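Here's the structure we're looking at; comments come further down.
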Amino acid sequence: MSKGLERSQATVFTGIDVSAATLAVAVQQAGRDGFRQKEFANSACGHKRLIAWLLECGGRVRVSLEATGTYSLDVALALDAAEGIEVAVLNPKTANQFAQTLRRSKTDAADAVALAEYSRRMEFVPWQRPSRGGLELRTLSRHIATLTEDHTRWGNRLHAVEASKTTPRCVLDDMKRARAAIAKRILKLRKEAVAMVGRDAQLMRKFEQLKSIKGIAETRAVQLLGELAGLDPEMTVRQWVAYSGLDPVHQVSGSSVHKPSRISRHGNSHLRRALYIPALAGVRHDPHMRVFYELLQSRHKTKLQALVAVARKLLHAIFGIFKTGTDYNGAKLFPYLIPTS
């Protein structure tokens, strides 16, 4: 555990509900009833005030907060760097399931109290601070993904206005220039992302392993690596799946309720999107994935359900090659399937 903190020594149990602008904080001290609650700005100045307030409690501080992307990252980094504070960053699904056993109301203050109770009652798993290179790559890859979506939207708009005889030539030319400018920015940033990976030996090794999977070329490898590089190395493959939101949810109760299974979607939407195109390409070009995909459809799964299952299997494959340091081998992922020739 970081900073020499022993689990048994924690005496201040804290929950933080994170939003874009504010941090709702609840604190419960060992041997005392009730909670102290306060709100801080979700900014660098607010983080400093939060840390000072927590340390005023006079004991070792344990903090639980939900993973909410960029909103929670900076406060988690600030808390992790402070002496006397240990941090757990929870999957929102885990935090929500625990909170439902305690609260009746859904407010920021109630959520903070539930997270403080989680810090006190549940087994503490300390957050592993991501590497700087991994964090920078994630930010860059997400920016590239946003620009790619913008490029697609411009293409759709351009297609629409080109179909109209009332569109002035100056408008068409301007829209074409705007779309071309975005394409140039994307190309430049992709080159920078690959260069960033090349400056880190560990990232470069994983980058090459990702490209060994059919359907994952340079662009998708950068995007996937950006989402996966910062994960705790102690996470299991089941935790990876839950983190991605690809874990299945079953809705069965007695004989009257039997709804189709679906994925939870409680997780990293960027990672789910990054897996979609490789899964689609995999069922076309990888014989093992294709047979698995066809097998699921023969069992009355829809095309979308089968594709989601392929994406989940693909995540299992990535976990395996990262852990073993080997390239992808579809025969190991689908040993019970005979690929078609």
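The values are calculated or read from the model by the stated rules, or taken from the named source; none is laboratory data. Here the structure is a predicted model, which means the values were calculated and not measured. Here the Cβ positions follow ideal geometry from the backbone for every residue, glycine too, while neighbour counts run over all protein chains shown.
Residues in segment 130-183 that are part of a loop (DSSP other than H, G, I, E, B) and out of contact with any Gly (no Cβ under 9 Å at 6 or more places or on another chain): A163, S164, K165, T166, T167, P168. Scanning segment 125-169 for residues that are closer than 30 Å to A30 by Cα and surrounded by fewer than 18 Cβ atoms within 10 Å (Cβ to Cβ) yields V125, Q128, R129.
When the residues of segment 187-245 are filtered to those that are among the polar types (S, T, N, Q) and in contact with a helix residue (DSSP H, G or I) (Cβ under 9 Å, 6 or more places away or on another chain), the one that is nearest to H266 (Cα to Cα) is S244. A residue that is touching a strand residue (DSSP E or B) at 6+ places or on another chain (Cβ under 8 Å) and aromatic (F, W, Y) cannot be found anywhere in segment 199-207.
Note on segment 103-129: residues that are among the polar types (S, T, N, Q), under 25 Å from Q9 (Cα atoms) and not in a helix (DSSP H, G or I) total 1.
From S341, S261, grab the single residue that is modelled with pLDDT under 90 and either surrounded by fewer than 11 Cβ atoms within 10 Å (Cβ to Cβ) or assigned to a helix (DSSP H, G or I) (or both).
Being modelled with pLDDT under 90 and either surrounded by fewer than 11 Cβ atoms within 10 Å (Cβ to Cβ) or assigned to a helix (DSSP H, G or I) (or both) holds for just one of S341, S261, which is S341.
When segment 270-299 is examined, which residues are found to be hydroxyl-bearing (S, T, Y) and either in contact with a helix residue (DSSP H, G or I) (Cβ under 9 Å, 6 or more places away or on another chain) or not in a helix (DSSP H, G or I) (or both)? The answer is Y276, Y293. Considering the conditions (1) over 18 Å from the mean Cα position of the chain (by Cα); (2) in contact (Cβ under 8 Å) with a residue 24 or more places away in the chain; (3) farther than 24 Å from P278 by Cα, C170 is excluded by exactly one of them, (2).
Just checking: which of the strands (runs of 3 or more DSSP E) contained wholly in segment 7-83 hold 2 or more residues that are surrounded by 20 or more Cβ atoms within 10 Å (Cβ to Cβ)? I'd like the intermediate steps shown before the answer.
On the way: elements: 10-18, 22-29, 36-41, 60-66.
Where strands (runs of 3 or more DSSP E) fall fully within segment 7-83 and carry at least 2 residues being surrounded by 20 or more Cβ atoms within 10 Å (Cβ to Cβ), they are 10-18, 22-29, 60-66.
Residue count for segment 192-216 satisfying the condition of being in a loop (DSSP other than H, G, I, E, B) and surrounded by fewer than 13 Cβ atoms within 10 Å (Cβ to Cβ): 1.
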